[in-house]
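Only the coordinates and a few stated rules stand behind these numbers; no lab work does. Predicted model only: the values in this text are computed from it and were never measured. Here Cβ is always computed from backbone atoms with ideal geometry, including for glycine, and neighbour counts include all displayed protein chains.
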Amino acid sequence: MSSLYQQLDAPMFDYSLATLADVPEHALRGPLPNLNEPYVAFVGGAQTFARFVAEPFANLVAKHLGLGCLNLGLGGAGPRWPADARVLPILQRAKLVVVQCFAGRSASNSLFDNGSTGRNSGRYLFTGDCLTYEQFLDEVMARQDLSLLQRVVHETRDDYACSMRHLGHCLSVPTVLLWLGRRRPEYTIDWRHRHGILNHFPQLLDRAVVDRVRPFFRGYVECASEQGLPQRLWPAVQAVDGTVLGADGYLRNEYYPSPEMHQQAADLLLPVCRQVLADAAL
């Protein structure tokens with residue numbers, strides 16, 4: 001996804017894409033730090049990658065901490081991404097790891113297996129088709145079996161919580177869990193339509209899921225805001241993926257965190273990160 005973001009967003013943004021030798025198939029947001037010197041690692045989805053943002057919260061926090069910044073944000077990533085056997089050792093060498101709450105749709109259940117990707121697409125086990133989680137939900141909803149729909153959603157949340165808790169347990173370095181989105185975790189599912197089930201990013205997560213995961217990280221930051229949205233981008237004749245074309249002929253970002261939201265996240269993260277690092281040094 002990183003290369004696609006760069007291709008689509010080239011009129012306005014240079015994400016300085018680079019790769020790590022251990023995971024060469026994934027383009028990461030650069031510049032990459034010297035991994036032989038102290039650094040902070042940030043893992044998450046496109047929100048951590050910081051699409052449509054010149055200076056991500058990751059860079060802002062690392063700069064104020066006086067440490068290098070390793071941005072491991074990948075579009076569509078789920079909690080299995082940082083637990084990858086090649087990625088986890090890199091995180092273990094960091095002075096601090098900030099883990100964004102990934103979308104809940106990037107998990108598996110008894111009918112949807114994304115284990116090979118850890119992302120928001122996988123195999124619908126009933127048919128064998130490769131689907132996004134949204135398409136999978138549509139298939140289940142079409143069967144008009146509310147008990148089945150509720151079961152797979154609860155299983156997805158359980159799988160997500162289990163994966164996040166496993167990640168937190170595996171990380172022996174100081175960690176901070178970050179909620180970043182336009183809403184707080186509280187919401188009541190409306191089973192009548194897809195958005196009522198998923199809600200805004202991080203889709204499918206509610207307070208109960210966060211409460212199950214939070215104790216496995218040393219710090220927690222909750223940044224819920226819509227400041228700066230919609231974000232005016234560049235003039236175009238048609239929308240590109242992830243944007244809306246406004247009546248003024250400019251693309252608008254209505255989904256990804258705005259630059260203002262990244263600043264808010266950095267402001268909230270910085271004191272918590274400093275405290276977690278100080279506690280670890282005792």
**Message:** Every residue in segment 100-148 that is surrounded by fewer than 17 Cβ atoms within 10 Å (Cβ to Cβ), of a type in the set (A, V, I, L, M, F, W, C) and either under 19 Å from GLY76 (Cα atoms) or touching a residue at least 60 places away in the same chain (Cβ under 8 Å) (or both), please.
**Reply:** CYS130
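Is it the case that TYR220 is buried (at least 16 other Cβ atoms within 10 Å of the Cβ), of a type outside the set (A, V, I, L, M, F, W, C), in contact with a Phe, Trp or Tyr (Cβ under 8 Å, 6 or more places away or on another chain) and in a strand (DSSP E or B)?
Details: buried (at least 16 other Cβ atoms within 10 Å of the Cβ): yes; of a type outside the set (A, V, I, L, M, F, W, C): yes; in contact with a Phe, Trp or Tyr (Cβ under 8 Å, 6 or more places away or on another chain): yes; in a strand (DSSP E or B): yes.
In short, yes.
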**Request:** Can you give me the ranges of the helices (runs of 4 or more DSSP H) entirely in segment 88-194 with at least 3 residues that are more than 19 Å from the chain's Cα centre (by Cα) and over 30 Å from VAL61 (Cβ atoms)?
**Result:** 133-142, 146-170
**Request:** May I ask you to say which residue of VAL213, VAL153, VAL176 is buried (at least 18 other Cβ atoms within 10 Å of the Cβ) and more than 18 Å from TRP81 (Cβ to Cβ)?
**Result:** VAL153
**Asked** Can you name every residue in segment 32-56 that is surrounded by 13 or more Cβ atoms within 10 Å (Cβ to Cβ) and part of a loop (DSSP other than H, G, I, E, B)?
**Response** LEU32, PRO33, LEU35, PRO38, GLY45, ALA50, ARG51, PHE52, VAL53, GLU55, PRO56
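Considering each residue of segment 254-282, count those that are free of Cβ contacts under 8 Å to residues at least 60 places away in the same chain and of a type outside the set (Ser, Thr, Tyr), and give that number. Show your work before the answer.
Here is the first cut: in segment 254-282, the ones free of Cβ contacts under 8 Å to residues at least 60 places away in the same chain are 254-255, 260, 264, 267-268, 271, 275, 278, 281-282.
Next, only the ones that are of a type outside the set (Ser, Thr, Tyr) stay: 254, 260, 264, 267-268, 271, 275, 278, 281-282.
Of the residues in that region, 10 qualify.
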